[in-house]
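Take a look at the structure below.
The values are calculated or read from the model by the stated rules, or taken from the named source; none is laboratory data. Here the structure is a predicted model, which is why all the values come from computation and not from measurement. Neighbour counts are summed over all protein chains in view; Cβ atoms, including those assigned to glycine, are modelled from backbone coordinates with ideal geometry. When the accessible area is computed, the model is the full protein with side chains, heavy atoms only, and any ligands, DNA or RNA have been set aside. Shrake-Rupley method; radii C 1.70, N 1.55, O 1.52, S 1.80 Å.
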Amino acid sequence: MIRTIRRPVALALVLLTATVLTACGSGPSRADSAALVGDRSIGLDPVQAEIRWLLDNVEQAEQAQEQNKLDQFGREVVRSRVVHELVTVAAEREGLEVDPREVDRLIHDNGGVRAIARSTFSEPSRVRGVVRDQLLLQQLTERYRDRLSVRMVGAMVTESSVEATAERSARDLGERIARNPDEAERIIAENGHQPVTEELTLGRTLDRDPELATTAVFGAGEGTVVVIQPSRQRTGWLVALVRDRTVGAPGSGESAAREDGAGQAQQVNPQLRYLAGMRQLQPIAEELGVRINPRYGVWDSAALAPAPSDEELTGYLLESRTVRP
């Protein structure tokens, strides 16, 4: 069975769809690159060839071309290939591996290579890699769920006015906090909001507020001001200063998880494990740098995907000076 993920607004990746398999800036400096991930080049010709395959084999791609919306498929192809590069780095660093027999089983259970190629908008030659990436991302979530914690202070901005939309107001507030992070609580209060300080662990958040667990809050580094729409259930924009992002040593969170009951929580479904694992690629993307060929748009750090332009980003990650402990 192939299960379709319906992305919340905060995670809109300018995709038509995204699937998880279950067992039931400025352009790249190289003219022949569709994108650069650090010093790794994603070739322009293979991306164009994959788009041509989609046009010949995927009805939605043909319809998109007729509606002059084929660029959405181009961005999805580039997104998938950028994710592959980032996952490869993450797997090397974390020592993650996937049993090839598990890849074979998922391909079989989900209708075979061509069926998966059509549903994931990937040409057949990339299907095994796409399936492997999904499994690695789920492993990445399990690797971090009891070790990752985030301490932040922030507020929700929901009001719109004639002068500014909620998005504009949230970004303005985020920029003020980024200029003076040590005064975050005061700045939030002066803007008419109640400051909220929280310390969140990935595991508990996956259980209690799973959409938040998949957002940039859990990928941003210390001192980053995150301005995002965190949920499709809640209106408004979250403005949050990440005061601290801590990753404990392997096994360091197990006893705490048992004490607060997280160790007894229900199994997180593959979709959420995939999305939460994606978020753990954010620090790697920021470290290496991701540059997109302008024909495919710009890199949206909040969405971990290409966006059509700087005016169409799904959120903002604002750097601030170092916050005092």
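Of the residues examined, residue 126 is one that is touching an Asp or Glu at 6+ places or on another chain (Cβ under 8 Å), among the basic types (Lys, Arg) and at pLDDT 95 or above. So for the stretch 190-201 (the condition being of a type outside the set (Lys, Arg) and assigned to a helix (DSSP H, G or I)), does at least one residue qualify? So far as the stretch 190-201 goes, yes, one or more of its residues are of a type outside the set (Lys, Arg) and assigned to a helix (DSSP H, G or I).
Within 23 Å of the chain's Cα centre (by Cα) and either closer than 30 Å to residue 274 by Cα or part of a helix (DSSP H, G or I) (or both): does that describe residue 114? No. For the stretch 157-168, the candidate set comprises residues that are open to solvent by 60 Å² or more (accessible area, probe 1.4 Å) and not charged (D, E, K, R); within that set, the residue that is farthest from residue 237 (Cα to Cα) is 162.
Table: residues versus (1) over 27 Å from residue 272 (Cα atoms); (2) modelled with pLDDT of 65 or more; (3) open to solvent by 40 Å² or more (accessible area, probe 1.4 Å); (4) hydrophobic (A, V, I, L, M, F, W, C).
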residue: 32; (1), (2), (3), (4): yes, yes, yes, no
residue: 47; (1), (2), (3), (4): yes, yes, no, yes
residue: 51; (1), (2), (3), (4): yes, yes, no, yes
residue: 59; (1), (2), (3), (4): yes, yes, yes, no
residue: 68; (1), (2), (3), (4): yes, yes, yes, no
residue: 79; (1), (2), (3), (4): no, yes, no, no
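Being modelled with pLDDT of 95 or more, open to solvent by 60 Å² or more (accessible area, probe 1.4 Å), over 30 Å from residue 102 (Cβ atoms) and charged (D, E, K, R) holds for only one residue in 143, 171, 132, and it is 171.
Restricting attention to the stretch 218-231, the residues being open to solvent by 10 Å² or more (accessible area, probe 1.4 Å) and not polar (S, T, N, Q) number 2. A count restricted to the stretch 81-93 and to residues that are more than 16 Å from residue 134 (Cβ to Cβ) and either in contact with a strand residue (DSSP E or B) (Cβ under 7 Å, 6 or more places away or on another chain) or buried (at least 22 other Cβ atoms within 10 Å of the Cβ) (or both) stands at 0. Of the numbered criteria (1) part of a helix (DSSP H, G or I); (2) within 24 Å of the chain's Cα centre (by Cα); (3) within 25 Å of residue 225 (Cα to Cα); (4) among the charged types (D, E, K, R), the one residue 176 fails is (2). Restricting attention to the stretch 155-173, the residues that are of a type in the set (A, V, I, L, M) and in a helix (DSSP H, G or I) add up to 3.
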